[in-house]
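Following: one structure in structure tokens, then a few remarks.
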Amino acid sequence: MRGLDLCRESTTRAVARRFGLSPERGRGQSFLVDRQVRDAIVASLPALPPLVLEIGPGLGSLTQGLLEAGRTVVGVEVDHRAVVALGLLRVRHPELRVVEESALRVGPAELGLSPPYIVVGNLPYSITGALLGHLLDMEPAPLSCHVLLQREVALRLAAPVGRWSLATLAVQLAASCEVRLQVGPESFWPRPKVSSALVKLVPRRALERRAREALMQLARPIFQQRRKQLRHGVALAMGVSPQRAGRLLEMAQIDPAQRPGAIDLEQWVRLATVLGEGEGDWQ
């Protein structure tokens, strides 16, 4: 379609009307309509590989930027109306491939993707946790993920040691996390009530999935005592006295007086090993 500019809000609105799409807040449908932000996201991506798995392309603003930058794009979009609307981009970019499916139900194998590839997307706020877990567990893993999240969530996941939450630990077990760009609500149509941030995640698979699940099971009750010294959370998790918990922490070379958010990934793994949670899986 000649002259199609999906970074213009008026164009995005017109395309939505043409295909009968009314943005649904329940699906987190807020479409990027800011050229400066769109171009900054595209420019922030690694030059290689050219293959991009885009999660939730919507009406295609970011998709258009990726295609114009010479990327090969495979999109996964759950909304049939958006899938049809993305046909406008295929007029100029017939290589664009869009699969109508939930991103939670498909992976590289089902999509016919061969590594290396990266993931890009504007993730719905309501299923951010589930989607991140799915993306970081995919086999073969992406080289990196570059996703827009709610700003508060992004800052929590990328928090420095000392300010970790249970959600921080869950992500850090599977990937490094860095906030690359902050984006205001005015960059989207319709405007969300919160700001967003672009996060870069690089899968590192420090532990196998079963070992990560065991460590998270251990960490959950510990973080319930996040305002108390670590010995109290470990005592709750293990069903032992705080004194016994303190000795276990010292065996793991961790100060029992620290708070749960103040210990790093290596210390969490050591603690899980000492406490015998899936001992054979931590190596």
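The values are calculated or read from the model by the stated rules, or taken from the named source; none is laboratory data. Quick caveat, the model's predicted, so the values are computed rather than measured. Note that each Cβ is placed from the backbone with ideal geometry, even for glycine, and that neighbours are counted across all protein chains shown.
Odds and ends about this structure:
- Qualifying helices (runs of 4 or more DSSP H) (wholly inside segment 76-117; at least 3 residues being within 24 Å of Arg25 (Cβ to Cβ)): 80-85
- Subset of segment 43-70 (residues that are more than 24 Å from Val202 (Cα to Cα) and surrounded by fewer than 24 Cβ atoms within 10 Å (Cβ to Cβ)): Glu68
- Put simply, of Glu77, Glu139, Glu101, Glu95 the only residue that is within 25 Å of Ser187 (Cβ to Cβ) and among the acidic types (Asp, Glu) is Glu77.
- Unique match (being within 14 Å of the chain's Cα centre (by Cα), surrounded by 15 or more Cβ atoms within 10 Å (Cβ to Cβ) and either small (Gly, Ala, Ser) or assigned by TED's automatic domain parsing to the domain that holds Glu24 (or both)) among Ser195, Ser176, Ser187: Ser176
- Residue check, Glu186 among the charged types (D, E, K, R), within 30 Å of Leu45 (Cα to Cα), out of contact with any Phe, Trp or Tyr (no Cβ under 8 Å at 6 or more places or on another chain) and not in a helix (DSSP H, G or I): no
- The sole residue among Val106, Val73, Val78 that is under 20 Å from the mean Cα position of the chain (by Cα), under 23 Å from Asp34 (Cβ atoms) and assigned by TED's automatic domain parsing to the domain that holds Gln36 is Val73.
- Single residue of Val84, Val73, Val120 found to be surrounded by 15 or more Cβ atoms within 10 Å (Cβ to Cβ) and out of contact with any helix residue (DSSP H, G or I) (no Cβ under 9 Å at 6 or more places or on another chain): Val84
- For segment 193-212, a residue qualifies if it is free of Cβ contacts under 8 Å to residues at least 40 places away in the same chain and under 10 Å from Ala175 (Cβ atoms), and exactly one does: Arg204.
- Any hit, segment 237-247, residues being of a type outside the set (A, V, I, L, M, F, W, C), surrounded by 20 or more Cβ atoms within 10 Å (Cβ to Cβ) and under 22 Å from the mean Cα position of the chain (by Cα): no
- Residue identified as surrounded by 15 or more Cβ atoms within 10 Å (Cβ to Cβ), closer than 19 Å to Ala170 by Cβ and touching a residue at least 60 places away in the same chain (Cβ under 8 Å) among Leu230, Leu215, Leu271, Leu275: Leu215
- The residues on offer are Gly58, Gly65, and the sole one that is closer than 16 Å to Cys7 by Cβ and part of a loop (DSSP other than H, G, I, E, B) is Gly58.
- Pairs are defined by a Cβ separation below 6 Å, a sequence spacing of at least 6 or placement on different chains, a first member in segment 26-44 that is in a loop (DSSP other than H, G, I, E, B), and a second member that is at pLDDT 95 or above and among the hydroxyl-bearing types (Ser, Thr, Tyr); the pairs so defined are Val33/Thr12; Asp34/Ser187.
- Any hit, segment 148-157, residues being out of contact with any Lys or Arg (no Cβ under 6 Å at 6 or more places or on another chain) and under 19 Å from Gly75 (Cα atoms): yes
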